[in-house]
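Before any comments, here is the structure.
Each reported figure results from applying straightforward, stated rules to the coordinates on display, with no laboratory input. Since the structure is predicted, the reported quantities are computational estimates derived from the model, not experimental observations. Glycine also receives a Cβ, built like all others from the backbone with ideal geometry; neighbour counts cover every protein chain displayed.
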Amino acid sequence: MTEQASMDEIIKNFQNGEFIFLHDDDSRENETDIMLAAKHVTPQKINQMRQLGGGLLCVAISPDIGSKLKLPYMWDILLQTKSPSLTSLVNTQRNTNQRSTHSITFNHRTLGGATDSQRSDTISSLHKLCEDYTENHNFYDDFHSMFESPGHLQMLIGSPGLLGSREGHTELSLFLCNISNLTPIVIMCEILDNKSFKEKSVANSKSLANENSITFIEAGTILDYYKNNY
């Protein structure tokens with residue numbers, strides 16, 4: 001896969017269930033994440049993400065889905081507790097572009113767990129439920145009866161307005177879902193280095209992508225597309 005893939009190629013690959021390596025800006029985390037549209041989740045692909053990435057496995061949902069499910073961000077959950085030891089942990093100095101999109105951890109109530117198969121089942125169930133979330137009048141109740149928290153998957157919620165308000169991996173991946181006409185749920189995992197014990201460098205991430213025939217893209221490619229078309 002070439003490093004200079006066009007947006008048309010990126011969208012096609014994402015729609016077809018291929019992994020994407022996405023590097024954010026040097027001024028942000030300067031990390032590369034491996035991404036997969038949740039529609040294409042399998043136990044094998046979860047295993048591949050763990051092997052190739054090694055970081056925290058997260059499931060990003062659109063702000064619209066998060067709103068309909070009344071799910072808050074973790075920083076908001078902590079600020080609303082009555083425990084001073086928890087509220088003091090929140091860094092209230094962060095602006096919107098720097099604030100974490102982490103929300104709850106979750107499992108499917110009967111299928112969920114820590115294995116690749118169980119996590120795949122949880123994500124697949126979430127994707128199936130969300131496919132018609134705009135028409136499902138029982139969406140909120142269905143979600144709460146099907147899933148539980150805490151669990152073995154970290155949920156992320158995109159910021160309202162996506163790239164109009166924040167330019168992190170969460171928003172970039174969900175915007176990619178939108179322009180690919182996919183249900184806005186993405187699996188992502190940071191790509192770590194087992195020699196430096198830090199994030200894998202951009203150069204080494206590109207090499208890993210080439211070795212595995214995976215598209216590597218910079219955040220700027222998606223941001224330019226967004227600014228030129230929206």
With only alpha-carbon atoms in the gyration tensor, what are the semi-axes of the equivalent ellipsoid for the range 123-230, in Å, largest first? 29, 20, 13
Along the charge dipole of the chain, pointing to its positive end and built from +1/-1 on Cβ of Lys, Arg, Asp and Glu, which listed residue (108, 204, 222) has its Cα farthest out? 108
If each part is reduced to its alpha-carbon centroid, the range 17-45 and the range 135-183 end up apart, in Å, by 15
What share of the DSSP beta bridges in the range 7-229 is antiparallel, in percent to the nearest 5? 70
Those lysines that a straight Cα-Cα span of less than 22 Å connects to residue 68, excepting residues fewer than 8 apart in one chain: 39, 128
Residue separation between residue 80 and residue 109 times 0.36 nm, minus their alpha-carbon distance, gives in nm 7.9 nm
Binned Cα-Cα distances of the range 7-229, short to long, each 5 Å bin given as a whole percent: 1, 7, 14, 19, 20, 18, 12, 6, 2, 0, 0
